[in-house]
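Input: a single structure, listed below in structure tokens.
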Amino acid sequence: MQRDVRAVVDGAVGGGVGTITMSAVMLAAEQAGLMGDQPPELITDAALDVVGAKGAHPDARRAMSLAAHFGFGIASGGLFGALHRRLADVVNVHPVLTGVVFGTLVWAVSYMGWVPALSIMPSPDRDRPSRPWAMVIAHWVYGATLGAVLQRLLRRELRARRSVP
């Protein structure tokens, strides 16, 4: 049980760091003219519209979008930590590789699933051509970072266990 909790916490930490690196890729893609409106902002705007707060101040909307994006990234990282811990007990898989696969799955479930199903954004085949690729790459960076952080934290935990008499 304690190892499961530790795996979730470590994954959440990795998810937070992964969200930072992912956000950097998304901002670079925006600067390059590949993104249009940022997906976290579109999702937040849709949520605000549902609760009748569409007229929220732009700074408040940006803050809510940032908080929601990090919250989603941290929660997804926690899920990855738990899944990776269970998978690692069965088969030896590298966290960076599984992180990239996980990031791809998060992208697919979101941008090919619930986001277009809720009419927040078009599906990738109907979106502007460059945004889906920019978002896939951003999710790969998220997953790779998540996996690398988790691997480092797992190594730290193993060293700590070995040093306890």
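The values are calculated or read from the model by the stated rules, or taken from the named source; none is laboratory data. Model, not experiment: these values are computed from the prediction. No Cβ is skipped: glycine too gets one built from the backbone with ideal geometry, and neighbour counts run over all protein chains shown.
See the values below:
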quantity	calculated
Matching option when the condition is surrounded by 14 or more Cβ atoms within 10 Å (Cβ to Cβ) and at negative phi, among Val50, Val100, Val90	Val100
Residue match in segment 146-161 (condition: in contact (Cβ under 8 Å) with a residue 12 or more places away in the chain, surrounded by fewer than 16 Cβ atoms within 10 Å (Cβ to Cβ) and within 27 Å of Gln31 (Cα to Cα))	no
Unmet requirement for Met112, which otherwise passes all of (1) of a type outside the set (Asp, Glu); (2) in contact (Cβ under 8 Å) with a residue 24 or more places away in the chain; (3) in a helix (DSSP H, G or I)	(2)
Complete set of residues in segment 148-165 that are in contact with a helix residue (DSSP H, G or I) (Cβ under 8 Å, 6 or more places away or on another chain) and modelled with pLDDT under 95	Leu150, Gln151, Leu153, Leu154, Glu157
First in segment 29-42 and in a helix (DSSP H, G or I), second anywhere and polar (S, T, N, Q), Cβ under 9 Å, 6 or more apart	Ala29/Ser130; Glu30/Gln38; Pro39/Ser110; Pro40/Ser23; Pro40/Ser65; Glu41/Ser65; Leu42/Ser65
